[in-house]
1. Scan the range 262-286 residue by residue and report those that are within 30 Å of GLY18 (Cβ to Cβ) and touching a helix residue (DSSP H, G or I) at 6+ places or on another chain (Cβ under 7 Å).
2. Report yes if some residue within the range 134-147 is surrounded by fewer than 21 Cβ atoms within 10 Å (Cβ to Cβ), in contact (Cβ under 8 Å) with a residue 24 or more places away in the chain and farther than 24 Å from ARG39 by Cβ; otherwise report no.
3. I'd like the full set of residues that are over 16 Å from ASP241 (Cα atoms) and assigned to a helix (DSSP H, G or I), limited to the range 165-213.
4. If we scan the range 60-68, do we find a residue that is among the hydroxyl-bearing types (Ser, Thr, Tyr), in the same structural domain as PHE30 (by TED's automatic domain parsing), closer than 30 Å to ALA12 by Cβ and buried (at least 16 other Cβ atoms within 10 Å of the Cβ)?
5. Does the range 214-235 contain at least one residue that is of a type in the set (Ser, Thr, Tyr), part of a loop (DSSP other than H, G, I, E, B) and closer than 30 Å to LEU43 by Cβ?
6. Of the residues ARG84, ARG57, ARG92, which single one is modelled with pLDDT of 90 or more, within 24 Å of the chain's Cα centre (by Cα) and under 30 Å from GLY234 (Cβ atoms)?
7. Can you tell me which residues in the range 326-354 are in contact with a helix residue (DSSP H, G or I) (Cβ under 8 Å, 6 or more places away or on another chain) and part of a loop (DSSP other than H, G, I, E, B)?
Amino acid sequence: MDFRKLKEELIAYSKVIGIDKIGFTTADPFTELKNRLIRQQELGYQSGFEEPDIAKRVTPSLLLDDPRSIISIAVAYPAKMKIRVESKKGERRGIFSRASWGMDYHHVLRDRLKKLEEFILSQVPDARIKPMVDTGELSDRAVAERAGIGWSGKNCSIITPEFGSYIYLGELITSIPFEHDTPIEDQCGTCNKCIEACPTGALIQGGQINAQRCISFLTQTKEMIPDELREKIGNRIYGCDSCQTACPVNKGKDFHFHKELEPDPEIAKPLLKPILKMSNREFKNKFGTVAGSWRGKKPIQRNAIIALAHFKDETAIPELVEVLQKEVSPVLKGTAAWALGKIGKEAALNALEQAKEYETDVEVQNEIIKGLTLNKEK
């Protein structure tokens with residue numbers, strides 16, 4: 001079998017099926033990454049969403065018998081909305097990060113990878129292949145860096161010369177000895193704009209992130225968000241793009257290659273108050289097709305409450321009072337209590353005083369007291 005020719009055919013086919021960049025690398029262990037992951041674990045900087053077994057994250061042979069190569073793919077997504085919607089008084093909006101604007105990228109990339117896999121098997125029927133997107137064991141970014149897709153930026157994203165960092169990544173581990181591509185030299189240089197732009201200081205230094213402080217991670221948690229970090233979230237209800245929008249390489253980058261990745265502005269930048277009253281079915285009907293829905297309704301509702309507090313939206317007081325009085329979740333009740341304190345109008349404070357008398361949950365009580373204290377500090 002002429003594997004060099006197969007590689008050329010695969011590259012050509014990838015363009016036909018909507019893959020914007022493809023690269024090939026060896027299936028050798030990711031030794032340098034292993035050391036970094038161990039250090040991250042020691043420092044408590046991991047998010048907890050990762051594969052817990054570091055050996056699997058860096059050793060392709062633990063995932064596929066006798067792997068010979070890894071194919072990395074990148075699909076570019078839009079950085080700007082063609083149709084824009086703006087927040088108005090009484091109609092405040094939240095924002096999903098760009099990576100969650102269109103159809104859930106897991107589905108999009110799995111479709112592309114499946115077509116690549118089928119193409120390979122049509123040429124090499126006995127080939128062994130394992131596809132992965134995001135939730136797989138390997139680090140998509142480490143694979144993409146070694147396969148020449150882009151360099152690993154100081155913001156911990158893969159940055160491509162063509163599309164900046166506005167790309168989704170996936171890979172196929174294969175038993176085929178494809179010739180590997182050359183990695184791209186780091187081009188960040190002395191630039192530290194992403195580090196300086198990080199709202200919470202989560203970027204410790206170039207290439208090192210404390211996920212526990214990253215807004216993208218925080219918006220996906222299900223717990224109460226620490227006080228100091230709530231103030232930094234703004235109106236983000238899923239994810240964060242600050243380190244990407246600050247990157248000079250991303251300036252002017254905006255690609256609309258794939259219809260399924262085009263954002264619906266009413267989903268990408270939704271009205272906040274209606275989110276608080278959504279049923280599970282309504283949430284699924286509106287947000288179920290985007291990646292930002294994967295943790296369910298309640299984290300998005302909590303983030304919407306924080307966003308309303310950020311805007312100090314007085315028109316949201318009735319909705320926030322209803323959450324405080326009727327919601328079951330202590331996280332939502334407590335966050336609503338804090339938000340009412342941030343807004344600080346008479347109706348909000350009266351609701352807090354009343355709730356203080358009947359609320360039995362200790363965590364919610366603490367947030368009620370905190371809300372009342374916030375107003376006294378003004």
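The values are calculated or read from the model by the stated rules, or taken from the named source; none is laboratory data. Nothing here was measured: the structure is a model prediction, and the numbers come from that model. Glycine gets a Cβ as well: all are built from the backbone with ideal geometry, and neighbour counts include every protein chain shown.
1. Passing the criteria: ILE267, PHE283, LYS286.
2. Checking the range 134-147: not a single residue is surrounded by fewer than 21 Cβ atoms within 10 Å (Cβ to Cβ), in contact (Cβ under 8 Å) with a residue 24 or more places away in the chain and farther than 24 Å from ARG39 by Cβ.
3. GLN212
4. From the range 60-68, those among the hydroxyl-bearing types (Ser, Thr, Tyr) are 61; that's our starting set.
Narrowing the set further to residues that are in the same structural domain as PHE30 (by TED's automatic domain parsing) leaves 61.
Filter once more, keeping what is closer than 30 Å to ALA12 by Cβ: 61.
If we keep only those that are buried (at least 16 other Cβ atoms within 10 Å of the Cβ) too, we end up with none.
No.
5. As a first pass, look at the range 214-235 and keep what is of a type in the set (Ser, Thr, Tyr): 216, 219, 221.
Cutting the leftovers down to part of a loop (DSSP other than H, G, I, E, B) gives us 219, 221.
Still in the list and also closer than 30 Å to LEU43 by Cβ: 219, 221.
Yes, there is a match, as at least one residue in the range 214-235 is of a type in the set (Ser, Thr, Tyr), part of a loop (DSSP other than H, G, I, E, B) and closer than 30 Å to LEU43 by Cβ.
6. On the way: ARG84 fails: modelled with pLDDT of 90 or more; ARG57 fails: under 30 Å from GLY234 (Cβ atoms).
From the options ARG84, ARG57, ARG92, the qualifying one is ARG92.
7. GLU327, SER329, GLY344, LYS345
Okay, residues lined up against (1) modelled with pLDDT of 95 or more; (2) of a type outside the set (Lys, Arg); (3) in contact with an Asp or Glu (Cβ under 6 Å, 6 or more places away or on another chain):
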| residue | (1), (2), (3) |
| --- | --- |
| GLY189 | yes, yes, no |
| PRO199 | yes, yes, no |
| SER216 | yes, yes, no |
| GLU231 | no, yes, no |
| GLY239 | yes, yes, no |
| LYS251 | yes, no, no |
